[in-house]
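Structure record follows, encoded as structure tokens.
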Ligand code: MRU
């Protein structure tokens with residue numbers, strides 16, 4: 001998407017410098033910094049420390065990590081070592097494992113001398129595919145927004161609520177949950193987006209930055225405000241992204257998503273999830289029981305991180321010294337609370353029938 005007139009993806013190959021470059025998201029929305037990712041340790045750190053984040057983007061980044069590994073040593077042993085090294089960086093978003101599996105399956109049959117070139121081409125393909133998937137999700141989501149707009153008095157905005165950042169920064173481009181917003185905005189449909197701050201990492205600030213850069217009206221709210229807004233009829237539709245959705249349609253996403261879905265159900269507000277197919281885990285049925293939830297450093301909760309006046313990243317303690325913090329990073333919204341899944345192939349029910357109807361190649365025998 002465009003920033004000050006220049007089109008950016010969230011990662012790109014710099015052919016002149018022969019290196020992958022990323023936007024270091026730890027500095028956003030305060031500072032736009034581009035950094036190279038040049039070693040295997042750089043790749044692992046970038047994913048774990050959330051310099052890159054969001055399920056589709058960490059998948060694409062991991063694919064470039066595998067390409068680097070194949071350049072350094074294209075042996076089977078190094079391929080397996082790179083898979084393990086990168087896969088353990090974050091446990092919940094399935095796109096990471098999906099991308100690494102896809103790379104390994106494609107590269108393993110090749111002679112070692114061809115693996116580096118093929119791995120690089122595959123990483124670029126995964127990145128390009130992500131852009132197209134998200135563009136299509138946007139086109140399908142736009143139709144839902146259009147239907148809601150048609151029922152409102154002319155000129156009244158469709159009021160959306162979103163959680164975390166499922167924007168272009170969380171993907172290679174467009175975003176998943178934001179793609180319908182951008183396409184509706186471009187189509188001239190008036191919108192207003194309630195943006196959850198999303199403690200503890202405040203990804204809502206990234207969403208606010210994105211929406212602000214594209215002129216989409218929005219308001220930044222605390223994580224606990226959504227239920228109140230829904231009770232007062234101020235939300236027409238909730239739309240979030242997902243880090244892993246099971247074959248029965250259970251949606252794992254940023255911590256707090258489940259509470260939004262409960263509030264939406266209680267208030268008759270449609271709750272949609274923008275779902276690229278690489279985020280579907282066909283091996284899992286019951287998301288609550290089976291999806292591993294990342295437990296991050298408690299310091300992200302006991303302290304608030306921000307950019308200091310001196311230009312560094314600083315932390316301010318919000319709890320008494322010694323208070324124990326708990327930091328589950330994701331939760332699971334059961335499929336019964338989800339109105340629909342917006343995929344690149346269309347919108348379906350959050351159910352095994354719904355998903356396997358759109359993706360019959362994955363339907364279980
Ligand atoms: O911890 P993060 O910032 O990587 O979590 C991101 C999310 O939960 C997003 O909603 C999800 O990855 C969907 S991104 C299109």
For segment 132-164, what are the residues that are within 16 Å of the ligand (Cβ to nearest atom) and surrounded by 17 or more Cβ atoms within 10 Å (Cβ to Cβ)?
-> 133, 134, 136, 137, 138, 140, 141, 160, 161, 162, 163, 164
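Please give the strands (runs of 3 or more DSSP E) falling wholly within segment 11-113 in which 2 or more residues are within 14 Å of the ligand (Cβ to nearest atom) and over 23 Å from residue 293 (Cα atoms). Working first, answer last.
On the way: elements: 11-14, 19-23, 34-37.
Ranges flagged: 19-23.
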Does residue 129 satisfy the condition of being surrounded by fewer than 23 Cβ atoms within 10 Å (Cβ to Cβ), more than 16 Å from the ligand (Cβ to nearest atom) and modelled with pLDDT of 95 or more?
-> no
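Please specify each residue of segment 176-203 satisfying the condition of being more than 15 Å from the ligand (Cβ to nearest atom) and touching a strand residue (DSSP E or B) at 6+ places or on another chain (Cβ under 9 Å).
The initial filter retains those residues of segment 176-203 that are more than 15 Å from the ligand (Cβ to nearest atom), namely 183-192, 194.
Within segment 176-203, 184, 185, 189, 190, 191, 192, 194 meet the criteria.
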Matching residues in segment 324-352 - criterion: being over 22 Å from residue 240 (Cβ atoms) and out of contact with any strand residue (DSSP E or B) (no Cβ under 9 Å at 6 or more places or on another chain) | 324
Every pair of residues 6+ apart whose Cβ atoms lie under 7 Å, when the first sits in segment 106-120 and is in the same structural domain as residue 82 (by the TED database) and more than 11 Å from residue 66 (Cβ to Cβ) while the second is in a loop (DSSP other than H, G, I, E, B) and modelled with pLDDT of 95 or more | 112/74; 112/75
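Whether any residue in segment 302-314 is buried (at least 16 other Cβ atoms within 10 Å of the Cβ) and within 16 Å of the ligand (Cβ to nearest atom) is what I want to check.
No, because not a single residue in segment 302-314 is buried (at least 16 other Cβ atoms within 10 Å of the Cβ) and within 16 Å of the ligand (Cβ to nearest atom).
This table checks each residue for (1) surrounded by fewer than 19 Cβ atoms within 10 Å (Cβ to Cβ); (2) touching a strand residue (DSSP E or B) at 6+ places or on another chain (Cβ under 6 Å).
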site: 205; (1), (2): yes, no
site: 210; (1), (2): no, no
site: 215; (1), (2): yes, no
site: 224; (1), (2): yes, no
site: 241; (1), (2): no, yes
site: 244; (1), (2): no, yes
site: 253; (1), (2): no, yes
site: 272; (1), (2): no, yes
site: 278; (1), (2): no, no
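The values are calculated or read from the model by the stated rules, or taken from the named source; none is laboratory data. As the structure is a prediction and not an experimental result, all values here were calculated from the model. When we count neighbours, we look across all protein chains shown, and the Cβ atoms used for this are built from the backbone with ideal geometry, even at glycine.
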